[in-house]
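Written out below as structure tokens is the structure these notes cover.
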Amino acid sequence: MRVLIMEDGATLSKTLSDKLIEAGYQADIAENIGDAKYYLDIRNYDLVLLGWDRDSTTGIGIIADIKGDAHKTSVIVLSEREEKESEIEALRAGADDFIRKPLDYDILLVRIEAKLRFGASNIIEIEDLIINPEEEKIIYQGNEIELKGKPFEVLTHLAMHKDQIVSKEQLLDAIWEEPELVTPNVIEVAINQIRQKMDKPLEITTIETVRRRGYRFCFPKQIS
């Protein structure tokens, strides 16, 4: 599960990141609105933690943008605002939860777990193809396909951005925790495994190469 932290306080952001990573989540920190939009554009987040204090540089208006681009992403607002009107305003703006500061991290982690457990499903269904990111499972025409690890994550990311061209650099940033330590060739290896383990045996095409630009999820597309 991947979480984006949008919080002006550097110390709080670092603490939140450490707590989330310790609990088994992947966490990114957006230091400003530009970073936030960059991360949201290249990565799929299960949850966004949005700091909203009286002097915050990021307003709750961004919730509509987050939900518009990825309606399955949950948003929890973290705020020092004590009046109930602020909580109502945040929830009406599209937030899934509102938690007041100072934070009790044990309670926060439990509420995050509950929100992700009962939130919208990330399962992708396209005709006879089902991709379940939470269980790392692919089912085609009722049969489970053996595809795990990075190839599965590459397929899932491309499927979530169906009909969009995604570059190798974007795939590296979205999937590898330290993309600067690997070469773009790992993408080609992952794509090849998808084609060998899935496309060829099933006689389908899920991913097409767009020369010099990247890859695009194109299922359903029958091999001619």
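The values are calculated or read from the model by the stated rules, or taken from the named source; none is laboratory data. Because the structure is a prediction, the values reported are computed rather than measured. Note that each Cβ is placed from the backbone with ideal geometry, even for glycine, and that neighbours are counted across all protein chains shown.
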Quiz item: How many of the residues in region 165-192 are touching a residue at least 40 places away in the same chain (Cβ under 8 Å), touching a Gly at 6+ places or on another chain (Cβ under 9 Å) and not small (Gly, Ala, Ser)?
Solution: 5
Quiz prompt | Residue identified as at pLDDT below 90, closer than 20 Å to Ser17 by Cβ and either surrounded by 11 or more Cβ atoms within 10 Å (Cβ to Cβ) or over 19 Å from the mean Cα position of the chain (by Cα) (or both) among Ser79, Ser74 | solution = Ser74
Practice problem: Can you tell me which residue within region 170-204, out of those that are surrounded by 18 or more Cβ atoms within 10 Å (Cβ to Cβ) and polar (S, T, N, Q), is modelled with the highest pLDDT? | Solution: Gln193
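Working carefully through the options Ala64, Ala36, find the one that is buried (at least 21 other Cβ atoms within 10 Å of the Cβ) and farther than 23 Å from Ile107 by Cβ.
Criteria check complete, one pass: Ala36.
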Quiz item: Out of the residues in region 197-216 that are within 10 Å of Leu155 (Cβ to Cβ) and hydrophobic (A, V, I, L, M, F, W, C), which is nearest to the chain's Cα centre (by Cα)?
Solution: Ile207
Quiz item: If you go through region 82-114, how many residues are under 21 Å from Asp46 (Cβ atoms) and either of a type outside the set (D, E, K, R) or within 22 Å of the chain's Cα centre (by Cα) (or both)?
Solution: 19
Quiz item: Among the listed residues Glu31, Glu134, which satisfies the condition of being acidic (Asp, Glu) and farther than 16 Å from Met160 by Cα?
Solution: Glu31
Practice problem: Give the number of residues within region 1-57 that are touching a strand residue (DSSP E or B) at 6+ places or on another chain (Cβ under 6 Å) and free of Cβ contacts under 8 Å to residues at least 12 places away in the same chain. | Solution: 1
Quiz item: Hey, Tyr39 hits all of (1) touching a Phe, Trp or Tyr at 6+ places or on another chain (Cβ under 9 Å); (2) under 23 Å from Ala114 (Cα atoms) but one; which does it fall short on?
Solution: (2)
Exercise. Return the only residue of Asp41, Asp28 being surrounded by fewer than 15 Cβ atoms within 10 Å (Cβ to Cβ) and under 15 Å from the mean Cα position of the chain (by Cα).
Key: Asp41
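Residue-wise test of (1) outside the structural domain of Glu80 (by TED's automatic domain parsing); (2) modelled with pLDDT under 85; (3) touching a Leu at 6+ places or on another chain (Cβ under 6 Å).
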residue: Asp106; (1), (2), (3): no, no, no
residue: Val110; (1), (2), (3): no, no, no
residue: Ala114; (1), (2), (3): no, yes, no
residue: Ile130; (1), (2), (3): yes, no, no
residue: Glu135; (1), (2), (3): yes, yes, no
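Helices (runs of 4 or more DSSP H) wholly in region 1-109 with at least 1 residues that are under 22 Å from Pro133 (Cβ atoms) - which ones?
Result: 10-22, 33-42, 62-69.
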